[in-house]
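Here's the structure we're looking at; comments come further down.
The values are calculated or read from the model by the stated rules, or taken from the named source; none is laboratory data. As the structure is a computational prediction, the values presented were derived from the model and not from experiment. Cβ placement follows ideal geometry from the backbone for every residue including glycine, while neighbour counts extend to all protein chains displayed.
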Amino acid sequence: MRAVDIIQKKRDGRELSADELVFLVDGYSNGGIPDYQMSAFAMAVLFRGMTPAETAALTLAMAQSGDQVDLSAIGGIKVDKHSTGGVGDKTTLIVAPLVASAGVPVAKMSGRGLGHTGGTIDKLESIAGFRTELSREAFISQVNAIGLSVIGQSGNLAPADKKLYALRDVTATVESIPLIASSVMSKKIAAGADAIVLDVKTGSGAFMKTVLQSEQLAEAMVKIGSEVGRQTAAVISDMDQPLGYAIGNALEVKEAIATLKGEGPADLTKLCLTLGAYMVVLGGQAASFEEAEALLRQKLSSGEALAKFKSFVAAQGGDESVADNPEKLPQAPHTVPVIASESGYVAAIQAEQLGIAAMLLGAGRATKDDAIDHRVGLMLSKKVGDAVQAGDTLAVMHVHALNSSNDEVAAKVKAAYTLQSEAPKLRPLLLSIVTS
Ligand code: URA
C-alpha cells in the first residue's frame with residue numbers, strides 16, 4: 001500500500017477501506033507518513049467527505065493509536081459525556097454527581113482549559129486539596145466505591161488524533177465534519193466509554209456557528225457510535241451566550257454547587273437535566289427520557305446529588321465543606337462592575353469574547369503552559385432578553401488587583417453585549433436532539 005494512492009483515491013471521491021485508513025493512521029503516528037501527505041489527505045477529506053463506514057474506521061484507527069482505558073472492572077454501563085466546548089460550561093461538575101446519584105457509574109477523564117474555553121480539571125482544582133491525578137487503580141476503585149471519579153486526561157490517549165489535529169489547525173482542514181467527528185469520538189472511545197452523550201454547542205461562542213452544521217456534526221458522531229457499538233446521543237444546545245452567569249473557575253464551582261442545591265440558573269439546570277437524563281437512559285437506569293428526568297429532579301430535591309458531590313470531592317482529597325460553605329472557595333480580592341452606557345434589551349452576548357475577557361483577567365490560558373488564577377472571572381448580571389437601563393451593571397469582574405488593564409477587559413465585556421430597542425425573540429436553549 002502507498003499513501004499517495006490512498007490520497008488519490010480520496011481526492012477522486014472514492015471510498016477508502018478500513019485497511020487503507022489504518023495504514024494511513026498508523027503510518028502517520030509512527031512517522032512513516034510525513035505531514036505533507038497527511039495534509040493532502042485531510043484536504044481531500046475536507047472536499048470529498050467520508051462515508052459513515054470510512055468515518056467509523058478512521059475513528060477506530062485513531063482510538064487504537066495509543067492507550068485504551070479498560071473500564072471493565074467497573075460494573076454497569078459506563079456513560080461518558082462530552083461537550084464540544086463553550087463558555088461558562090460547568091455541566092460536568094453538576095451532571096457527573098447527579099447521574100452517579102441515580103446509579104450510573106461515571107469514570108470520566110476531563111481536560112484543562114485553553115483559549116476562551118475553560119476546562120473541568122481547572123475548575124475542580126479551585127477546591128482546596130482536590131487531586132485530579134489518580135492512578136488507574138485508584139480511579140477505578142473510587143468509581144466502584146462511590147460511583148464517580150473525574151481525573152485529568154492522562155497518558156497517551158488517541159495520539160494520532162493529537163498529531164492530526166495539530167496538523168489540521170495549520171492547514172485549514174479543521175472544518176471537516178468527518179474529521180471533527182472522528183477526532184472527538186476517537187478520544188471518547190479510547191477513554192473506555194460504553195455509551196456517550198454529546199453536548200454539541202452551536203452559536204457565536206461555539207465551534208459550530210449554525211444549527212445545521214451542528215446537526216450534521218451530531219449525526220456524524222451518532223453514526224460513528226452505532227458503527228462501533230457505543231450507543232450515542234447528541235443534544236444541540238445554544239452557545240449564543242454563556243451558560244449560566246459565572247465564567248471563571250471558582251465562580252463556576254460556586255454556581256455548580258447552587259445548581260446541585262436546586263438553586264441554579266434556569267438554562268444551566270435545564271441543560272444538566274437533559275444531558276443527565278440521556279445518560280441515565282443509556283446507562284439503563286430508566287426506560288424513557290421522561291422517567292430519567294423525573295428521577296434526576298428527585299435526586300436534586302432530595303439532596304442526594306449534592307451529597308454525591310460531597311463524597312466525590314472528599315474522595316479526591318478536596319475540602320467537601322465548600323458544598324455547604326461556598327464562600328470557602330478562593331475569592332478574588334476586588335470586584336469591578338461593567339456599566340451599561342445605553343438602555344435597551346440584550347439581544348446577543350458574544351460568548352467567545354467574554355471567554356477571552358475572563359482569560360485576560362487570569363481565569364484561562366493563552367498558551368498551554370500559562371498558570372491560571374482560580375479566583376478571578378466574570379459574573380454576568382444581564383443575559384439575553386434582559387432589559388438594561390444606562391448605568392446598570394452588565395457584569396461584574398472579579399479581579400486580582402485594581403489596575404488599568406481592567407479597563408481594557410471591561411471594554412471588551414461591554415463590547416460583547418449587543419443592545420437593541422425592542423425585546424428580542426429568545427432562541428431556545430435546546431435546539432435539537434440526535435439519537436440513533
Ligand atoms: N475538538 C476536537 O476534539 N477535535 C476537533 O477536530 C475539533 C474540536
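Quick notes on this one:
- Qualifying residue in the range 330-339 (condition: in a loop (DSSP other than H, G, I, E, B), touching a Phe, Trp or Tyr at 6+ places or on another chain (Cβ under 9 Å) and not basic (Lys, Arg)): no
- Screening the candidates Ala401, Ala423, Ala390, Ala366 for the property of being in contact with a helix residue (DSSP H, G or I) (Cβ under 7 Å, 6 or more places away or on another chain), farther than 30 Å from Leu300 by Cβ and part of a loop (DSSP other than H, G, I, E, B) yields one hit, Ala366.
- For Ala56: the one exception among (1) more than 27 Å from Glu133 (Cα to Cα); (2) of a type outside the set (Asp, Glu); (3) surrounded by fewer than 24 Cβ atoms within 10 Å (Cβ to Cβ): (3)
- Restricting the range 397-433 to residues that are closer than 22 Å to Lys209 by Cα and free of Cβ contacts under 8 Å to residues at least 60 places away in the same chain, the residue that is surrounded by the most Cβ atoms within 10 Å (Cβ to Cβ): Lys412
- Members of the range 58-73 that are within 24 Å of the chain's Cα centre (by Cα) and more than 14 Å from the ligand (Cβ to nearest atom): Leu60, Ala61, Gln64, Ser65, Gly66, Asp67, Gln68, Val69, Asp70, Leu71
- Which numbered condition Ser214 fails, given (1) of a type in the set (Ser, Thr, Tyr); (2) more than 21 Å from Ala102 (Cβ to Cβ); (3) more than 15 Å from the chain's Cα centre (by Cα): (3)
Residue by residue, here is whether (1) among the hydroxyl-bearing types (Ser, Thr, Tyr); (2) farther than 30 Å from Asn144 by Cβ; (3) part of a helix (DSSP H, G or I); (4) touching an Asp or Glu at 6+ places or on another chain (Cβ under 9 Å) holds:
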| position | (1), (2), (3), (4) |
| --- | --- |
| Asp5 | no, yes, yes, yes |
| Leu24 | no, yes, yes, no |
| Gly31 | no, yes, no, no |
| Phe47 | no, yes, yes, no |
| Met50 | no, yes, no, yes |
| Ala61 | no, yes, yes, yes |
| Leu71 | no, no, no, yes |
| Ile74 | no, no, no, no |
| Gly85 | no, yes, no, no |
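- Condition check for Asp267: modelled with pLDDT of 95 or more and within 16 Å of the ligand (Cβ to nearest atom): no
- Per the conditions (1) more than 14 Å from the ligand (Cβ to nearest atom); (2) part of a loop (DSSP other than H, G, I, E, B); (3) at negative phi; (4) of a type outside the set (Val, Ile, Thr), the sole criterion not satisfied by Ala107 is (2).
So that you can scan it fast, the table gives a plain yes or no per residue for (1) in contact with a strand residue (DSSP E or B) (Cβ under 9 Å, 6 or more places away or on another chain); (2) within 19 Å of Thr435 (Cβ to Cβ); (3) surrounded by fewer than 21 Cβ atoms within 10 Å (Cβ to Cβ):
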position	(1), (2), (3)
Met279	yes, yes, no
Glu290	no, yes, yes
Glu293	no, yes, yes
Lys299	no, no, no
Phe312	yes, no, no
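- Flag if Arg112 is away from the ligand (no atom under 13 Å from the Cβ), in contact with a Gly (Cβ under 8 Å, 6 or more places away or on another chain) and of a type in the set (Lys, Arg): yes
- Helices (runs of 4 or more DSSP H) lying entirely in the range 120-221 (those with 1 or more residues that are within 15 Å of the ligand (Cβ to nearest atom)): 120-124, 159-169, 177-190
- Residues of the range 120-153 satisfying the condition of being free of Cβ contacts under 8 Å to residues at least 12 places away in the same chain and either among the aromatic types (Phe, Trp, Tyr) or buried (at least 23 other Cβ atoms within 10 Å of the Cβ) (or both): none
- The set of residues in the range 85-104 being at pLDDT 90 or above and within 16 Å of the ligand (Cβ to nearest atom) consists of Val87, Asp89, Thr92.
- Filtered by the rule that a residue be over 24 Å from Val281 (Cα atoms) and over 19 Å from the mean Cα position of the chain (by Cα), the range 90-132 gives Ile127, Ala128, Gly129, Phe130, Arg131.
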